[in-house]
Amino acid sequence: MPELSSSRLSGLLRWIGGVLVLVLGFELLAVLSANAWGEEAFRQLVVDTLIKGSPLALVGLLLMLIGSRLDSPQQQRTPLRWTVFGVGIALALSLLVAVPVSISGNTILAAQADQAVDQKRAEFERASAESHNPQLLETLVGQLQQAGQLPPNATPEQQNAQAQRFIDGRLGQLKQQVQQAERARSLTLGQRRFSGTAVALVLALATAAVALAAVL
C-alpha cells in the first residue's frame, strides 16, 4: 500500500509539473503567433510573457524532477530527467537572452518617461514665467469679470488679488503634475528593472540549477 501511494504521488507530481510547463508554452505560442519581431513592442511583450510565466514553469520542472526521483530513486538519468534537463536549459537560455532585451526596453521606456517629465516641467516653467507678465493679470481680470467671478464693487487691488490667486492655483496644479510624472517615472522604471531584468536573471540561474540537478 505505501508503494502504491508513492507511485500515485509521483504520477500526480509529474502530471502537475508537466501542465505548469505546458501553460508557459501555450502562453508563448499565443504571443509568438503574431510574428512581429521587427517591432520593439512585440519583443518586449514576448520577454514579459516569458518572465511572468517562468516561475510556474520552474515549479513544474521541480515537481517533475521530484516525481521522477520518487518513481526511480536508484536510476540517475531516466528519460523524464533528460526531459527536465532539456526544457530547463532551454528556458534558462531564453531567460538569459531576455535580459539584454529587457534592458533595451528599459532604456526606451526611460527616454519616454524623461520626455513626459520634461514636457510637464517646461509647461510649468512657461506658465511660471508668464505669471509675472502684467498684461496676463489684466487679461485674467477681464475674463473673471465676464465670467461673473468677481464682485462688481471690487477694488482694483481685490481684482488683482483674485486673479493672482487663480494664477497661483494653476501653477500649483502644474507643479503637482510635474511631481506626479516624476513619481510615475520612478515607479515604472523601478518595476521594470527589479521585477523584469533582475527577476529574469535570478530565474535563469534557478532554472539552470534544477536542470543540472536532473542529470547529476
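Just to check your reading of the model, which residue among Ala181, Ala198, Ala122 is over 30 Å from Arg77 (Cβ atoms), in a helix (DSSP H, G or I), at pLDDT 90 or above and not basic (Lys, Arg)? It would help to see each step written out before you state the result.
Working: Ala181 fails: at pLDDT 90 or above; Ala198 fails: at pLDDT 90 or above.
Of the residues listed, the single one that is over 30 Å from Arg77 (Cβ atoms), in a helix (DSSP H, G or I), at pLDDT 90 or above and not basic (Lys, Arg) is Ala122.
For segment 187-216, give me the residue count where each residue is over 30 Å from Phe85 (Cα atoms) and open to solvent by 80 Å² or more (accessible area, probe 1.4 Å). Lay out the reasoning, then the answer.
Residues of segment 187-216 that are over 30 Å from Phe85 (Cα atoms), as a first pass: 187-191.
Of the ones still in play, those that are also open to solvent by 80 Å² or more (accessible area, probe 1.4 Å) are 187, 191.
Residues that pass the stated criteria total 2.
Whether any residue in segment 86-95 is assigned to a helix (DSSP H, G or I), at pLDDT below 85 and not polar (S, T, N, Q) is what I want to check.
First, pick out the residues of segment 86-95 that are assigned to a helix (DSSP H, G or I): 86-95.
Within this subset, residues satisfying the condition of being at pLDDT below 85 are none.
Scanning segment 86-95, I find no residue that is assigned to a helix (DSSP H, G or I), at pLDDT below 85 and not polar (S, T, N, Q), so the answer is no.
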Six or more apart or on different chains, Cβ atoms under 8 Å: show the pairs whose first residue is in segment 62-87 and farther than 17 Å from Leu12 by Cα and whose second is among the hydroxyl-bearing types (Ser, Thr, Tyr). Thr78/Ser68; Thr78/Ser72
Restricting the first residue to segment 121-149 and requiring it to be under 20 Å from Gln159 (Cβ atoms), which pairs with a second residue that is open to solvent by less than 60 Å² (accessible area, probe 1.4 Å) meet a Cβ separation below 6 Å and a spacing of at least six or different chains? Ser131/Ile167; Leu137/Ala163; Leu140/Ala163; Val141/Gln159; Val141/Ala163; Leu144/Leu150
Given the conditions (1) buried (at least 17 other Cβ atoms within 10 Å of the Cβ); (2) farther than 28 Å from Leu109 by Cβ, which single one is not true for Arg77? (1)
Determine whether segment 47-66 contains at least one residue that is open to solvent by 90 Å² or more (accessible area, probe 1.4 Å) and within 29 Å of Arg183 (Cα to Cα). yes
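The values are calculated or read from the model by the stated rules, or taken from the named source; none is laboratory data. None of these values were measured; they are calculated from a predicted model. So basically every Cβ, Gly included, is an ideal-geometry build from the backbone, and we count neighbours across all protein chains shown. All accessible areas refer to the heavy atoms of the entire protein, side chains included, with ligands and DNA or RNA removed. Shrake-Rupley method; radii C 1.70, N 1.55, O 1.52, S 1.80 Å.
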